[in-house]
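Participant: Would you mind keeping the following structure in view while I ask a few things?
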Amino acid sequence: MIQFENFSASFGDRKVVKGLTCKLPENSISALIGVSGSGKTTLLRVLCRMNDRIENFRTEGDVLINGTNIYRPGTNVYSLRRKVGMIFQKPCVFPISIFDNVVFGVREVTKIPKKDYPDLAEKVLREVFLWEEVKDRLNEKATTLSQGQQQRLTLARTLAVGPDVLLMDEPTSSLDPESTAAIEKLVISLKNRHTILWVTHQHDQAHS
């Protein structure tokens, strides 16, 4: 699903990824581990083209997702980001309702009829084990949720648009042990439908 071929990434004269060649199979979880500043987040941002607007950023080599070079001329970056979702280190929820957070991306990038939004919201909230906790408060602001719940909500919002690839940038680093365990269990349950690349600096987490 993901393939790097002699890939390098640089910020000006500083090369943060050098000559990377590897393949990540479909429907798998791969852990990317390393010290702070070693280029882990840069590599995730490469896969969804989030570095494009950085003036001195440049790449060499090829990056393929499902056989397609994502840096070829004419690539539709918005379509790419529908296929490649990213979950950040800190939960990123909008100060609107829980329900509107879930369907936020759906309104922009899919053709799902509005009448189907409630069923979709329930489906993805169940997938992230959040439905039972929020089903009676969908109209409350997402900012009222705990940090662990917010992280699962951001994942539900990402799943709602149907990505093939999930990029997880240390998604549990700011969570308590109980929430961390919930996210880890959740991600394992998703690998049968998604290819997951998980960045961490914890060896135990990477091995599990």
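The values are calculated or read from the model by the stated rules, or taken from the named source; none is laboratory data. Note that the coordinates shown come from a computational prediction; the quantities given were computed from them, not determined experimentally. Using ideal geometry, Cβ is built from the backbone for each residue, glycine included, and neighbour counts are taken over all protein chains shown. Heads up: the accessible areas ignore ligands, DNA and RNA and are worked out on the full protein's heavy atoms, side chains in. Shrake-Rupley method; radii C 1.70, N 1.55, O 1.52, S 1.80 Å.
Participant: Among the residues of the stretch 134-146, what is the count of those that are of a type in the set (Ser, Thr, Tyr) and part of a helix (DSSP H, G or I)? Let's see the steps before the verdict.
Facilitator: As a first pass, look at the stretch 134-146 and keep what is of a type in the set (Ser, Thr, Tyr): 143-144, 146.
If we keep only those that are part of a helix (DSSP H, G or I) as well, we get 143-144.
Of the residues in that region, 2 qualify.
Participant: Yes or no: Thr195 of a type in the set (Val, Ile, Thr) and more than 30 Å from Pro113 (Cα to Cα)?
Facilitator: Spelling it out, it is not the case that Thr195 is of a type in the set (Val, Ile, Thr) and more than 30 Å from Pro113 (Cα to Cα).
Participant: If you don't mind, there's one more thing I want to ask. Just to check your reading of the model, which residue among Ser36, Ser8 is in a loop (DSSP other than H, G, I, E, B), in contact (Cβ under 8 Å) with a residue 12 or more places away in the chain and either on the phi > 0 side of the Ramachandran plot or among the polar types (S, T, N, Q) (or both)?
Facilitator: Result: Ser36 is the single residue among Ser36, Ser8 that is in a loop (DSSP other than H, G, I, E, B), in contact (Cβ under 8 Å) with a residue 12 or more places away in the chain and either on the phi > 0 side of the Ramachandran plot or among the polar types (S, T, N, Q) (or both).
Participant: With the requirement that a residue be among the charged types (D, E, K, R) and free of Cβ contacts under 8 Å to residues at least 60 places away in the same chain, what does the stretch 14-29 give you?
Facilitator: If we filter the stretch 14-29 for residues that are among the charged types (D, E, K, R), which is where we start, we get 14-15, 18, 23, 26.
Passing the criteria: Arg14, Lys15, Lys18, Lys23.
Participant: Working only within the stretch 134-145, note down all residues that are surrounded by fewer than 16 Cβ atoms within 10 Å (Cβ to Cβ) and among the small types (Gly, Ala, Ser).
Facilitator: none
Participant: What is the one condition in (1) part of a helix (DSSP H, G or I); (2) out of contact with any helix residue (DSSP H, G or I) (no Cβ under 6 Å at 6 or more places or on another chain); (3) closer than 21 Å to Thr41 by Cβ that Lys115 does not satisfy?
Facilitator: Checking Lys115 against (1) part of a helix (DSSP H, G or I); (2) out of contact with any helix residue (DSSP H, G or I) (no Cβ under 6 Å at 6 or more places or on another chain); (3) closer than 21 Å to Thr41 by Cβ, the one that fails is (3).
Participant: Additional query: Within the stretch 60-89, which residues are surrounded by fewer than 15 Cβ atoms within 10 Å (Cβ to Cβ) and basic (Lys, Arg)? Full working, then the answer.
Facilitator: Going through the stretch 60-89, the residues surrounded by fewer than 15 Cβ atoms within 10 Å (Cβ to Cβ) turn out to be 60, 66-69, 72-79.
Arg72 - this is the single residue of the stretch 60-89 that is surrounded by fewer than 15 Cβ atoms within 10 Å (Cβ to Cβ) and basic (Lys, Arg).
Participant: Which condition from (1) of a type in the set (Gly, Ala, Ser); (2) surrounded by fewer than 18 Cβ atoms within 10 Å (Cβ to Cβ); (3) in a helix (DSSP H, G or I) is the one that Ala31 breaks?
Facilitator: (3) is the only condition that Ala31 fails.
Participant: Further question on the same structure: Considering only the stretch 192-202, state which residues are closer than 19 Å to Leu125 by Cβ and either in a helix (DSSP H, G or I) or open to solvent by 50 Å² or more (accessible area, probe 1.4 Å) (or both).
Facilitator: Asn192, Arg193
Rundown of residues vs (1) open to solvent by less than 10 Å² (accessible area, probe 1.4 Å); (2) closer than 24 Å to Phe104 by Cα; (3) not in a helix (DSSP H, G or I), yes/no style:
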| residue | (1), (2), (3) |
| --- | --- |
| Asp119 | no, yes, no |
| Leu125 | yes, yes, no |
| Glu132 | no, yes, no |
| Gly148 | yes, yes, no |
| Arg152 | no, yes, no |
| Arg157 | no, yes, no |
| Pro171 | yes, yes, yes |
| Asp204 | no, no, no |
